[in-house]
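A.B. asks: One structure, as structure tokens, below. Some questions next.
The values are calculated or read from the model by the stated rules, or taken from the named source; none is laboratory data. Here the structure is a predicted model, which is why all the values come from computation and not from measurement. Please note: Cβ atoms are built from the backbone with ideal geometry, for glycine as well, and neighbour counts cover all protein chains shown. SASA here: full protein model, heavy atoms, side chains in, ligands and nucleic acids out. Shrake-Rupley method; radii C 1.70, N 1.55, O 1.52, S 1.80 Å.
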Amino acid sequence: MILYPAIDLKDGKAVRLLRGDMDKATVFNDDPAAQAQAFVDAGCEWLHLVDLNGAFAGAPVNGDAVEAILARTQVPAQLGGGIRDMATIEAWLDKGLARVILGTVAVENPALVREAARAFPGRIAVGIDARAGRVATKGWAETTEVMATDLARSFEDAGVAAIVYTDIERDGAMQGPNVDATAALARAVSIPVIASGGVSSVADLVALRDCGAALDGAISGRALYDGALDLAEAMAALRG
């Protein structure tokens, strides 16, 4: 199981939000590229990047910060937030991203997800962010009536590389992940699932690893910045 350190970008800085609230942002680093390099130096194998402003704007906003991270680091990175058309997908992949994450468009334009997955095999992930089991879109500002598991199943034959599943109520709250919901989603599909939201200790990672479903990875943000989770220790625990 891969541990993905998260770098959430707001106004060009690395921040963490509490349950997706843009008004509850804590700035952890004014230099996201330096933060990314610190994670790489600690041994991470992937980076998880989110353009928070872009998620609300519906288009890339923190592009300069993302490009600086890509220029400075040598590990693969995935990016979500504001990626809602094929031109943006192509542009980001051309700039060196290993994978783009499509969230809002997975609900509003699933045909785009399918088209992108065909055009770029292994490089398109679906971001499913849920509040009480229902999918939230547009930077989590809107909650739909679509159930997370139903949305995941709808892409079973689309060829997407992964599903990034976030429990919004756990995100940034340091209260542990929603292991049961994550495991249930992973068991419902054959697509690899990456868990996100609330991962704040080695015990949380071990609980996800041993949840009875084959999870591909887990994302952690605030716990790494706060020091509650040591990246090297966490990766060693996951290797077992």
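A.B. asks: Report the full-extension gain for the segment VAL206 to LYS24: residue separation times 0.36 nm, less the Cα-Cα distance, to one decimal in nm. Spell out each step's value before the answer.
C.D. replies: On the way: separation 182, 0.36 × 182 = 65.52 nm, distance 2.87 nm.
In short, 62.6 nm is gained.
A.B. asks: Here's another thing I want to ask about it. 222 nm [θ] for the chain, helices only, -39500 (n - 2.57) per DSSP H run of 4+, per residue, to 500?
C.D. replies: -10000 deg cm²/dmol
A.B. asks: Continuing with the same structure: Does region 1-128 come out rounded, prolate or oblate by the C-alpha gyration tensor, with a ≥ b ≥ c the root eigenvalues, rounded set by a/c under 1.5 and, if not, prolate when a/b is larger than b/c and oblate if not?
C.D. replies: Taking the square roots of the gyration eigenvalues as a ≥ b ≥ c, region 1-128 is oblate.
A.B. asks: Right, something else. Looking at the chain only, what percent of DSSP beta bridges run antiparallel? Nearest 5 please.
C.D. replies: Approximately 30 percent, going by the DSSP bridge assignments.
A.B. asks: Could you compute Rg(Cα) / (2.2 N^0.38 Å) for region 141-237, with N its residue count?
C.D. replies: 1.09
A.B. asks: Can you give the Kirkwood hydrodynamic radius for the chain, in Å, rounded to one decimal and based on Cα pairs?
C.D. replies: On the way: mean 1/r = 0.0578 Å⁻¹.
Computed over the chain, the radius equals 17.3 Å.
A.B. asks: How high is the relative contact order of region 97-215? Use alpha-carbon pairs under 8 Å, at least six apart in sequence, and give a whole percent.
C.D. replies: Taking the mean separation of contacting Cα pairs over the length of region 97-215, I get 22 percent.
A.B. asks: Right, another one. Quick check: residue separation of GLU45 and GLU142 times 0.36 nm, minus the Cα distance between them. What number comes out in nm?
C.D. replies: Value of the extension gain: 31.7 nm.
A.B. asks: Relative contact order, percent, of the chain when contacts are C-alpha pairs under 8 Å separated by at least 6 residues?
C.D. replies: This gives 19 percent for the chain.
A.B. asks: How much of the accessible area of region 1-90, in percent, comes from carbon and sulfur atoms when a 1.4 Å probe is used?
C.D. replies: C and S atoms contribute 46 percent here.
A.B. asks: Which net charge results for the neighbourhood of ALA125, defined as the other residues with beta-carbon distances under 11 angstrom from its beta-carbon, given Lys and Arg at +1 and Asp and Glu at -1?
C.D. replies: Its environment carries a net charge of +1.
A.B. asks: A further question follows. Scan around GLY80 for amide H atoms under 5 Å from its own, H built in the peptide plane at 1.01 Å from N, and keep only partners 5 or more places away or cross-chain.
C.D. replies: LEU49, VAL50, ASP51, ILE101
A.B. asks: Before I look further, what does the chain give for accessible area per residue, probe 1.4 Å, in whole square angstrom?
C.D. replies: That works out to 39 Å² per residue.
A.B. asks: Next up: Given the Cα-Cα distance of ASP94 and ALA57 and 0.36 nm per residue of separation, how much length would full extension add, in nm?
C.D. replies: 11.1 nm is the gain from fully extending ASP94 to ALA57.
A.B. asks: If you don't mind, there's one more thing I want to ask. Using only C-alpha atoms and all pairs of different ones, pull out the Kirkwood radius for region 124-179 in Å with one decimal.
C.D. replies: About 11.8 Å, per the Kirkwood formula over Cα pairs.
A.B. asks: While we're on this one: What do you reckon, how do TYR225, TYR165 stack up by accessible area (1.4 Å probe), largest on top?
C.D. replies: So the residues, ranked largest to smallest area, are TYR225, TYR165.
A.B. asks: Sticking with this one: Taking H as built 1.01 Å from N, whose amide H comes closer than 5 Å to the amide H of ILE219, not counting residues under 5 places away?
C.D. replies: TYR4, ALA195, SER196, GLY197
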